[in-house]
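The values are calculated or read from the model by the stated rules, or taken from the named source; none is laboratory data. Small disclaimer: the values here were computed from a predicted structure and weren't measured. Using ideal geometry, Cβ is built from the backbone for each residue, glycine included, and neighbour counts are taken over all protein chains shown.
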Amino acid sequence: MRNLNLVAVAGLALLGACTQAAAPSAKTSAATGVTEADAAKVTDATLATWQSMDAAKIKALYAPDVVGFDYATAPLITDKAAWDKAQDAFAASKTDKISVTAQKIQIVGPDTFIFSMSGNNTSTAMPKNNGELRCTDVFHRDAAGAWLIVNEHCSAPPKTA
């Protein structure tokens, strides 16, 4: 059932991308009043948590059934324990700052939004970890009202010639 929900979210994301030009800039979900401004507060807090390099706080951002592609690992991760291990590695990367260079929030349902961003990762302690990244995160509000990431895909952009 969860996989079906993720397929539905992906389909809604595609639909949202196709109708993006016609959507108002302060899109609101009529069912709950969730606005892009509300989603921006969630994503700002998420970015701050990622930059905290606190592994426990970072792992708490993700739903128990998170699915995703982590920036530093190749395979699709479908197990929370494996995802947590990848987040431990991220926290150990000693990132000082994630500078967002572009971002977009798409509200796709009363309890779901997508945050896409590109930016630069900087680590003074481990300069080999510096570089560009791009991420898409699907946030879903759980029954308790918490916004959790249910799907993430982070990668390095392709190199241009």
Inset, instruction - Could you list all residues from region 126-154 that are part of a loop (DSSP other than H, G, I, E, B) and in contact with an Asp or Glu (Cβ under 7 Å, 6 or more places away or on another chain)? - result: none
Inset, instruction - Tell me, yes or no, whether region 29-46 has at least one residue that is part of a loop (DSSP other than H, G, I, E, B), under 20 Å from Asn121 (Cα atoms), out of contact with any Cys (no Cβ under 9 Å at 6 or more places or on another chain) and at pLDDT 95 or above. - result: no
Inset, instruction - Look at region 63-85 and say how many of its residues are outside any helix (DSSP H, G or I) and over 14 Å from the mean Cα position of the chain (by Cα). - result: 10
Inset, instruction - Please enumerate the residues belonging to region 119-158 that are hydrophobic (A, V, I, L, M, F, W, C) and either within 21 Å of Asp96 (Cβ to Cβ) or in contact (Cβ under 8 Å) with a residue 24 or more places away in the chain (or both). - result: Ala125, Met126, Leu133, Cys135, Val138, Phe139, Trp147, Leu148, Ile149, Val150, Cys154, Ala156
Inset, instruction - Working only within region 100-125, note down all residues that are touching a Lys or Arg at 6+ places or on another chain (Cβ under 7 Å) and outside any strand (DSSP E or B). - result: Asp111, Ser123, Ala125
Inset, instruction - Specify the residue that is surrounded by the fewest Cβ atoms within 10 Å (Cβ to Cβ); the eligible residues are those in region 66-83 that are closer than 22 Å to Asn130 by Cα and among the hydroxyl-bearing types (Ser, Thr, Tyr). - result: Thr73
Inset, instruction - Among the residues of region 106-138, write down those that are aromatic (Phe, Trp, Tyr) and more than 16 Å from Asp70 (Cα to Cα). - result: Phe113
Inset, instruction - Please work out if Gly131 is over 16 Å from Asn151 (Cβ atoms) and not basic (Lys, Arg). - result: yes
Legend entry - Out of Lys57, Lys97, Lys80, sole residue that is among the charged types (D, E, K, R), at pLDDT 95 or above and farther than 14 Å from Glu152 by Cα: Lys57
Inset, instruction - Just need a number here: residues in region 101-121 that are at pLDDT below 95 and surrounded by fewer than 16 Cβ atoms within 10 Å (Cβ to Cβ). - result: 2
